[in-house]
1. Using the structure shown, select from LYS226/LYS323; LYS203/LYS323; LYS36/LYS203; LYS112/LYS226; LYS167/LYS226 the pairs with a Cα to Cα distance greater than 27 angstrom.
2. Would you mind pulling out the separation of the Cα centroids of the range 258-304 and the range 169-219, in Å?
3. Of LEU287, PRO177, GLN159, which is farthest on the positive side of the dipole of the chain, counting Cα position, with +1 on Lys and Arg Cβ, -1 on Asp and Glu Cβ, and the Cα centre as origin?
4. Given labels modelled 7 Å from the Cα in the Cβ direction, how far is it in nm from ARG329 to ALA216?
5. Does the range 1-156 come out rounded, prolate or oblate, given a ≥ b ≥ c as the square roots of the eigenvalues of its C-alpha gyration tensor, rounded meaning a/c under 1.5 and, failing that, prolate meaning a/b above b/c?
6. Taking amide H positions as placed 1.01 Å from N in the peptide plane, with prolines and chain starts having none, which residues 5 or more places from ARG92, or on another chain, fall under 5 Å of its amide H?
7. Please report, in debye to the nearest 20, how large the charge dipole of the chain is about its Cα centre when each Lys and Arg carries +1 at its beta carbon and each Asp and Glu carries -1 there.
8. List the GluC sites (Glu not before Pro) in the range 283-352 that DSSP assigns to loop (not H, G, I, E or B) and whose Cβ has at most 10 other Cβ atoms within 10 Å. Which are they?
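Values quoted throughout were computed directly from the atomic coordinates according to the rules given, and no laboratory measurement underlies them. Keep in mind it's a predicted model, so treat the numbers as computed, not measured. Cβ: placed from backbone, ideal geometry, glycine included. Neighbour counts: every protein chain shown.
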Amino acid sequence: MVVKKLTLKNFRNYEEETFVFDEGLNVLAGKNAQGKTNCAEAVFYLCTGASLRIRHDRQLIRIGADCARISAVAEGRGGTVFLEAAVYENRRELFVNGNKVGRSVDFLGNMKSVFFSPGELRLIQDGPDERRRFLNLSISQTSREYASALLRFRRILDQRNDLLKEKDRGLVEETLPIWDEQFALYAARIACKRRDYLGELSKGAAEAHAFLTDGAEQLALSSDTKYRGDEEAVAAKLVRELAASRERDLRLGFTTVGPHRDDIDIRINGVDARGFSSQGQARTAALSMKLAEVALFTRLSGEPPVLILDDVMSELDLPRRKKLLARIRGLQCILTCTHAERVLYGTECRRIRIHGGKIIE
Ligand SMILES: Nc1ncnc2c1ncn2[C@@H]1O[C@H](COP(=O)(O)OP(=O)(O)OP(=O)(O)O)[C@@H](O)[C@H]1O
Ligand SMILES: [Mg+2]
């Protein structure tokens, strides 16, 4: 799938601008703070319905405006898709081919993208929520079933947590087992899907990491081993675990077991990368995970996603830069940088210069 055209209206520092992209490499060049990342962020938003950098959509609206609009024309195996998002102060509207969609689940995944920026170090070095967020966004783009299970699960988790704070003990004793059944059902679906997805992603990540480090390092990703068997078996196990932790959950006022607490185990040469990797190792490991995501998306949906590389070239040494460029050949890539010439070494690409939220011809 390729993005042909992207129009931004009152989005971040853009008043109104239309980008036309090539099927191969597109280089967004410009000085700092001109709008390169903003453009990349807009593409990602149309793919996932979520921003990478922020929790509140309203920050996407250009200061002084009341609505930000992002729209894109994408072309893929299934034909042409027109995607649009209108973001207001306290709500948003999403459209696919001009039809308003009520649920974000129906919006995401129509166009797929993989995003990599220096901030992706967080994926390796920060806490488990970064890694869960990565998995959730990644799997959701390729599986609507996962995205809806996640939505249901979050609602059930909130309700269960509310119930745990309830003063009426009788009511709690009576209703908690019912919530536990529901919780376990969706939790198991999520856990099993993550486990299987990670199994696939791990192979690609190991291969990409070996490629980027010339075989010097081995990268291994795995999910917690506590989920074995099919969904039913995992759900049954979760019901038992919920019952066992009920007293503790009641004391703490929240649910202490389930996929909302899980993590990805990441090892470089057998050592836990989460606490012990160098900056360069962590960066390369994160990049390997993203390249694995590209390969997996391609396999699952039969066509490559749009690869967004935000400001990554300056962070890589020359051999890795060349390897990365070799790796992405043939993919549609939106790459941002401050010095286009130095990065590209004669690579064929479309160059787009950005200054002050405007494209400079
Ligand atoms: N809602 C908004 N309204 C107006 N301007 C905004 C809004 N959000 C962000 N900006 C501005 O957009 C500008 C460009 O941001 P962006 O992150 O795209 O820069 P960049 O070109 O990627 O720069 P760098 O090379 O430093 O990464 C920033 O100066 C920022 O203050
Ligand atoms: Mg930037």
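1. Table pairs above 27 Å Cα-Cα are LYS226/LYS323; LYS36/LYS203; LYS112/LYS226; LYS167/LYS226.
2. Going from one Cα centre to the other spans 13 Å.
3. The one lying farthest along the dipole's positive direction is LEU287.
4. 2.4
5. It is rounded, given that a/c, with a ≥ b ≥ c, falls under 1.5.
6. Excluding prolines and chain starts, which carry no amide H, there are no hits.
7. 440
8. Those that pass, being in a loop and sparsely packed, are GLU348.
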